[in-house]
Amino acid sequence: MTLGADEVDLLRRSFQAATRDMPDLVDLFYRRLFQIAPETRLLYRGDMALQGEKLKSTLGMMIAQIQDLAMLHPMLADLARRHVGYGVVPRHCALVGEALLWAVRRTLGDGFDDRIEGVWRAAYQGIAEAMIAAAHDGQASRVA
């Protein structure tokens with residue numbers, strides 16, 4: 001995945017706009033994820049408010065370094081291995097991506113357009129593929 005400087009800037013600006021009211025984005029994300037993949041609810045055993053803060057922090061770190069996926073690789077590999085331990089399987093990645101895009105779209109409202117959607121999809125695709133590869137010994141698979 002390679003995003004140009006203008007795409008990275010657009011991704012970062014849209015993330016900042018979406019996180020101005022972070023509880024809405026987080027609530028929307030988890031609500032949608034649990035609707036489309038009810039089995040994932042069982043993977044979250046802790047405090048959901050704390051989980052939401054972790055999600056915000058992790059997304060922020062990823063987006064801050066998105067222009068250099070190689071630099072992100074150690075963090076993504078660690079995150080992937082931990083998630084495998086929680087019971088996450090590769091097919092969940094596409095569902096998480098769908099829920100995230102849905103939540104960003106709802107949070108940004110009229111500020112969400114085709115270009116923003118394309119940038120978010122490309123960024124998520126690259127991150128998810130890197131995580132799947134790291135979790136499964138380098139065997140990358142495309143996220144549907």
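The values are calculated or read from the model by the stated rules, or taken from the named source; none is laboratory data. No experiment lies behind these values; they were computed from the predicted model shown. Note: ideal-geometry Cβ built from the backbone for every residue, glycine included; neighbour counts use all protein chains shown.
I'd like the full set of residues that are over 12 Å from GLY118 (Cβ atoms) and either among the hydroxyl-bearing types (Ser, Thr, Tyr) or out of contact with any Leu (no Cβ under 9 Å at 6 or more places or on another chain) (or both), limited to the stretch 7-20. Write out each step before concluding.
Applying the first criterion (over 12 Å from GLY118 (Cβ atoms)) to the stretch 7-20 yields 8-9, 12-13, 15-20.
Scanning the stretch 7-20 gives VAL8, ASP9, ARG12, ARG13, GLN16, THR19, ARG20.
Can you name every residue in the stretch 25-71 that is of a type in the set (Gly, Ala, Ser) and part of a helix (DSSP H, G or I)?
Initially, the stretch 25-71 is screened for residues of a type in the set (Gly, Ala, Ser), giving 37, 46, 49, 52, 57, 60, 64, 70.
If the condition is that a residue be of a type in the set (Gly, Ala, Ser) and part of a helix (DSSP H, G or I), then ALA49, GLY52, SER57, GLY60, ALA64, ALA70 are the ones that fit.
Residue by residue, here is whether (1) among the β-branched types (Val, Ile, Thr); (2) within 17 Å of VAL8 (Cβ to Cβ); (3) touching a helix residue (DSSP H, G or I) at 6+ places or on another chain (Cβ under 6 Å); (4) in contact (Cβ under 8 Å) with a residue 24 or more places away in the chain holds:
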position	(1), (2), (3), (4)
ASP47	no, no, no, no
LEU50	no, no, no, no
HIS83	no, no, no, yes
GLN125	no, yes, no, yes
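Looking at the stretch 106-116, which of its residues are part of a helix (DSSP H, G or I), of a type in the set (D, E, K, R) and farther than 14 Å from ARG20 by Cα? Before the answer, list the steps.
Here is the first cut: in the stretch 106-116, the ones part of a helix (DSSP H, G or I) are 106-111, 114-116.
Restricting the remaining residues to those that are of a type in the set (D, E, K, R) gives 106, 110, 114-115.
ASP110, ASP114, ARG115, listed by residue number.
Would you check which residues across the stretch 54-84 are of a type in the set (Asp, Glu) and surrounded by 13 or more Cβ atoms within 10 Å (Cβ to Cβ) and list them?
First, the residues of the stretch 54-84 that are of a type in the set (Asp, Glu): 68, 78.
None; the set is empty.
Would you point out the residue of the stretch 91-144, among those that are touching a His at 6+ places or on another chain (Cβ under 8 Å) and within 22 Å of GLU39 (Cα to Cα), that is modelled with the lowest pLDDT?
Taking the stretch 91-144 as the starting set, the residues that turn out to be touching a His at 6+ places or on another chain (Cβ under 8 Å) are 130-131, 134-135.
Remaining after also requiring within 22 Å of GLU39 (Cα to Cα): 131, 135.
Details: MET131: 89, ALA135: 82.
Per the criteria, the residue is ALA135.
Is it true that ILE36 is closer than 22 Å to GLU129 by Cα, over 13 Å from the mean Cα position of the chain (by Cα) and touching a residue at least 60 places away in the same chain (Cβ under 8 Å)? Spell out the reasoning first.
Values: closer than 22 Å to GLU129 by Cα: yes; over 13 Å from the mean Cα position of the chain (by Cα): yes; touching a residue at least 60 places away in the same chain (Cβ under 8 Å): yes.
So ILE36 fits the description; yes.
Of all residues in the stretch 111-131, which are under 10 Å from the mean Cα position of the chain (by Cα) and either of a type in the set (Lys, Arg) or on the phi > 0 side of the Ramachandran plot (or both)?
ARG121
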